[in-house]
């Protein structure tokens, strides 16, 4: 029997959800049904570099939830766990252009990279200057000899927030590329699944986890991780996640970070707060201070039970951009 979900027809799931998203946040976003993209509502303001991102649906609030002042100008949602088409990305890129060029923020998945690249070429033919950055922060896939390299995961939220703030301040396209590459280069993520996910309308979960085990290094589409380890108290699971991330960034006494404790879909806020508590304690033992934090569901994997931890090296310049105003459906201050 299929898992009980609030679904009409699974084929219409994404489009109906986007219609509902627009109804809930119509002052912030507009859902273009013909182009199948989400853009900022209202008239374009002063000229600035446009920011576009996107990918498969099922990771909400990523990316549509981050369209608005201080972050993205347009988001491109594909089908569940499927890349958006080049035509969708092209439409979003043109819609985001305010005369200063467009930065595409792309998670490192083969279909995303290919279709965003094609769309950039099409937009260039329309006279739009386009550059893109690849986000590849997933430590679990670091060093893999086959495939496209590290996957793009929750560090994309930091790239979108920091570049969004800089764009609002008038940063050039080249400056934003340099900033995005800097953020991506000093951020790493690791995820852990307690429970598998279920696709809309499916009659079973997308993968199996034996009793008493968890998946360390899980991907946001349910891809296998580095290892299956025994289930343990939160303190031990956080150490298994955060220690290799801190080691990869060579974090040491006196360093400062921005931390993202991200629920993967069905993890309760109480659990995420416990994870953050343990993360702060672990980093304090290394002499590392958490200067800013996001704790919540930002890059989900449908209804997967689990968490990802992202650490980003921070300095005064990045913290100033982080603290800049943002007004989106999923993030605002």
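What follows is calculated from the coordinates using simple rules that are stated; it is not laboratory data. Keep in mind that this is a model prediction, so the values were computed, not measured. Neighbour counts are summed over all protein chains in view; Cβ atoms, including those assigned to glycine, are modelled from backbone coordinates with ideal geometry.
Return P(r) of segment 1-152 (all Cα-Cα pairs; 10 Å bins starting at 0; whole %; ordered from short to long distances).
Going from the shortest bin to the longest, the percentages are 11, 40, 33, 14, 2, 0.
For the chain, what relative contact order do you get, as a whole percent, if you take Cα pairs closer than 8 Å and at least 6 residues apart?
19
Pick the calculated Cα Rg over 2.2 N^0.38 Å for this structure from [x] 0.95; [y] 1.00; [z] 1.62?
[x]
May I ask you to compute the full-extension gain from residue 19 to residue 174, defined as 0.36 nm times their residue separation minus their alpha-carbon distance, rounded to one decimal in nm?
In short, 52.3 nm is gained.
Looking at segment 104-166, I'd like the Rg to Rh ratio, where Rg is from alpha-carbon atoms and Rh is Kirkwood's inverse mean 1/r.
We get a ratio of 1.04 for segment 104-166.
Mind sorting 80, 105 by how few other Cβ atoms lie within 10 Å of their own Cβ, fewest first?
Ordered by Cβ neighbours within 10 Å, fewest first: 80, 105.
I want to check the label-to-label distance for residue 327 and residue 286. Put each point 7 Å from Cα in the C-beta direction and report it in nm to one decimal.
Taking the simple label geometry, residue 327 and residue 286 are separated by 3.8 nm.
Rounded to the nearest 0.05, what FRET efficiency do residue 232 and residue 319 have when you use their Cβ-Cβ distance and R0 = 30 Å?
0.35
When DSSP beta bridges are limited to those with both residues in segment 187-318, what percentage is antiparallel, rounded to the nearest 5?
Around 70 percent antiparallel, to the nearest 5.
Once every DSSP H run of n ≥ 4 in the chain is given -39500 (n - 2.57) and the sum is divided by its residues, what mean residue ellipticity at 222 nm do you get, rounded to the nearest 500 deg cm²/dmol?
Helices in the chain give a 222 nm mean residue ellipticity of -10000 deg cm²/dmol.
Between residue 270 and residue 131, with labels modelled 7 Å along Cα→Cβ, what's the label distance in nm to one decimal, could you check?
Here the modelled spin labels are 4.8 nm apart.
State the antiparallel share, in %, of DSSP beta bridges confined to the chain, rounding to the nearest 5.
Percent antiparallel among DSSP bridges in the chain is about 55.
Quote the Stokes-Einstein diffusion coefficient, in whole µm² s⁻¹, for segment 214-333, based on the Kirkwood radius over alpha carbon pairs, a temperature of 25 °C and a viscosity of 0.890 mPa s.
Rounded to a whole number, D works out at 163 µm²/s.
Semi-axes of the equivalent ellipsoid for segment 104-210, please: Cα gyration tensor eigenvalues, times 5, square-rooted, ordered largest first, whole Å.
30, 18, 14
In what sequence, highest mean first, do 21-30, 130-139, 253-262, 53-62 appear when ranked by Cβ atoms within 10 angstrom?
The packing order, highest mean first, is 53-62, 130-139, 253-262, 21-30.
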